[in-house]
């Protein structure tokens, strides 16, 4: 039996989108491949509210995160972490010998703009990396406020991990001053895992031109230059099946559901889970910075989460246990992509039933 | 109208395989994901005639090529190139600040074992990189003979780009002494593009342990260590859809068609194209080192290749023009993956008809 996925990626994918993955292939050096990528890029610019170039990578979001911090740090990177994925970004810098410092806040808290200001005013950094939506804690950082601070400084490249939020909540890339905004297919975009994509500003391009040893496959500047020269074809063979699915889904998001409706639906779903969590458990994250795409629930009843998931599995659902050190202390319910209110309520009714709540 | 692909990747994919790409997703941290990868790894070991570990990467073959040369060169790499893809490997090393030298032969020729011996006996190198099947020239290098030379030296890591040959011709990884043998989904395996995979020997693992700054996403040692620790699950979300398709196709290759039959079919297809090429044009590559998966035809009649492809397109076929500097001087017909003799003969009849041959 298929289990409906309420985990923070891979998400449940609509059958019509899955069908696109099964389309016969086309050559990646064909005119059709160029048109396909151009249409995808134009539509993604709308999702991200940007005029920047769009880069597609046949990797998970981690591939582009590594590429971004390596390609665009000339001096030193300041990585702000609110959980596991922020820390991972710092580790990527270190593994590439990119000078970087890690600034962490307590799990469940958000980064605030003053903290960023204090770090940037040291003058040591030329890149700042921030997680928008932290999948381990359920925190959504105030990227708009952080962006205002970053703008005060010259020549800081602002890179944002929006892997688990983009297309599920509004991110105004240009207005917020984001140079590289990264997301992945298997989250709020509602596609199978396998590709990631980002915005890439002119400032980011100019910075990368000054950085040596950027590698090849994950080098964002190489990707950028190649698609300019070769009419939006990629240096290596991309996952064309994912491109078909992404193209189809972007049309749905922009022209069928509508972007604002999509963002609102995510917020409504989030509210339902938050209220449920507050009634029976508690929220793990700071209430002023809750994620709109997933909720991390504090396991105040000390339930056996893997036992709950086993029972849910028999009924055709799956949620996530806590991440890393939060494994038993929290559990996570994702409410992103094309999840409907009906789907979500069905899940919660089943959890209540299994746990004998209410 | 869909055009049947006779280009050297992406290849034509069987409808049953495409259907697997549309399966509903599973969590990448589930027991099912572990079982899926274990089955894939066991079956790939049979395809590669090896006991080495198998690593899967959500990248094109280029991702693993870069990972291999970066992860496993501690001293200096010797890259042997017979065309565009060999050269690319060298460029990847340079872009990562990995010390490397490039050894090239004339386009259309193969690497010979003596040449490798001469290079290795300088004592300067601790890794050798060789393209098995060069897609630009249609040359297949004698990896078995080169392997015999490599074995004479201590502590040389032997990495092979078998992107466009593995599963289409026999590669005996352990017997030939290959430490890392790399292939990609969209070639002779007969899958859509989007993942790549390689064998990874204990010697390669031990070497990588001595190399610093291997990066993260493309670091083969990180992949290796993670799958050992986490029951064959990957550090980042892999392309599960491709894993479904690969799993299905490996069962077909091993248990329905049979490996030896598959290799023989590729050879029979190759012979037909070679004979056709010799009758009407000429072969570009050295006749002693012809590829079994694609044929590069010397354009002795000076035909307009893009015009030919345009006409073929109207009839539902597509072949490749020459690569890079060989663009108009050659054209390429791929005969790999699940291409049948009937498919191939239909193509050649149509080419003859368009060109008014015979």
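Of note:
- Nm distances between copies for residue A:29, ranked from closest, using label points 7 Å along Cα→Cβ: 4.3
- Model label sites at residue A:213 and residue A:46, defined 7 Å from Cα along the beta-carbon direction, differ in position by 4.4 nm.
- Take the Cβ atoms of residue A:122 and residue B:94, set R0 to 35 Å, and the FRET efficiency comes out at 0.55.
- Distance between the pseudo-spin-label points of residue A:340 and residue B:202 (7 Å out from Cα toward the beta carbon): 5.6 nm.
- Per-residue shielding of A:231-239, expressed as the average number of other chain Cβ atoms within 10 Å of the residue Cβ, stands at 5.
- Neighbour-count ranking [beta-carbon atoms within 10 angstrom, fewest first] of B:135, B:183, B:122, B:50: B:122, B:50, B:135, B:183
- Gap separating the Cα centres of segment B:115-161 and segment B:86-100, nearest whole Å: 16 Å
- For residue B:352, the label point sits 7 Å beyond Cα toward Cβ; its separations from the matching points on the remaining copies run 7.4 nm, from shortest to longest.
- Its Cα gyration tensor gives chain B an equivalent ellipsoid. The semi-axes, each the square root of 5 times an eigenvalue, are 33, 26, 16 Å from largest down.
- Summary of the geometry: segment A:1-21 and segment B:1-47, compared by the centres of their Cα atoms, lie 17 Å apart.
- Computed log₁₀ I(q)/I(0) - Debye formula, equal Cα scatterers, no solvent, segment B:90-162, q 0.15, 0.25 Å⁻¹: -0.50, -1.34
- At the listed q of 0.11, 0.16, 0.19, 0.20 Å⁻¹, the Debye profile of segment B:1-141, built from one uniform point per Cα, gives log10 I(q)/I(0) equal to -0.59, -1.05, -1.23, -1.28.
- Gaussian network model of chain B, Cα within-10 Å springs - most flexible of B:25, B:64, B:259: B:25
- Residues considered: B:236, B:165, B:320. Largest GNM mean-square fluctuation over chain B, using C-alpha springs under 10 Å, is found at B:236.
- Distances between equivalent label points of residue B:51 across the copies, with each point positioned 7 Å along Cα→Cβ, amount to 6.3 nm, shortest listed first.
- Fewest neighbouring Cβ atoms within 10 Å first, the residues B:126, B:231, B:161 line up as B:231, B:126, B:161.
- Pairwise Cα inverse-distance average, inverted: Kirkwood Rh of segment B:210-279 (Å): 15.9 Å
- Distance (nanometres) between label positions extended 7 Å along Cα→Cβ at residue A:267 and residue A:35: 3.8 nm
- Residue mean of other protein chain beta carbons inside 10 Å, B:163-171: 0
- Paramagnetic reach from residue A:315 (point 7 Å along Cα→Cβ, amide N under 17 Å) across segment A:265-282: A:273, A:276-277, A:280-281
- Backbone N within segment B:30-70 under 20 Å of label point (7 Å from residue B:256 Cα along the Cβ vector): B:36-37, B:39-48
- Diffusion constant of the protein assembly as shown at 37 °C, which comes from Stokes-Einstein with the Kirkwood Cα-pair radius and 0.692 mPa s, µm²/s: 125 µm²/s
- Comparing mean-square fluctuations of B:151, B:87, B:121 from a GNM of chain B with C-alpha springs under 10 Å, the top value falls on B:121.
- A Förster radius of 30 Å combined with the Cβ-Cβ distance from residue B:357 to residue B:287 puts the calculated FRET efficiency at roughly 0.90.
- Exercise: per-residue mean of other protein chain Cβ atoms within 10 Å, A:10-22: 4
- As a proxy for reagent exposure, ranking A:107, B:336, A:115 by other Cβ atoms within 10 Å from fewest up yields A:115, A:107, B:336.
- Share, in percent, of DSSP beta bridges within segment A:26-242 that are antiparallel, nearest 5: 35 percent
- Of all DSSP beta bridges in the protein assembly as shown, antiparallel share, percent nearest 5: 50 percent
- Across segment A:40-165, the relative contact order, built from alpha-carbon pairs under 8 Å that are at least six residues apart, equals 25 percent.
- Over chain B, relative contact order from alpha-carbon pairs under 8 Å, at least 6 apart, %: 25 percent
Throughout, read-outs are computed from the coordinates displayed, never taken from laboratory work. All of these numbers come straight from a predicted model, not from anything done at the bench. All Cβ positions, glycine included, derive from the backbone under ideal geometry; neighbour counts span all protein chains shown.
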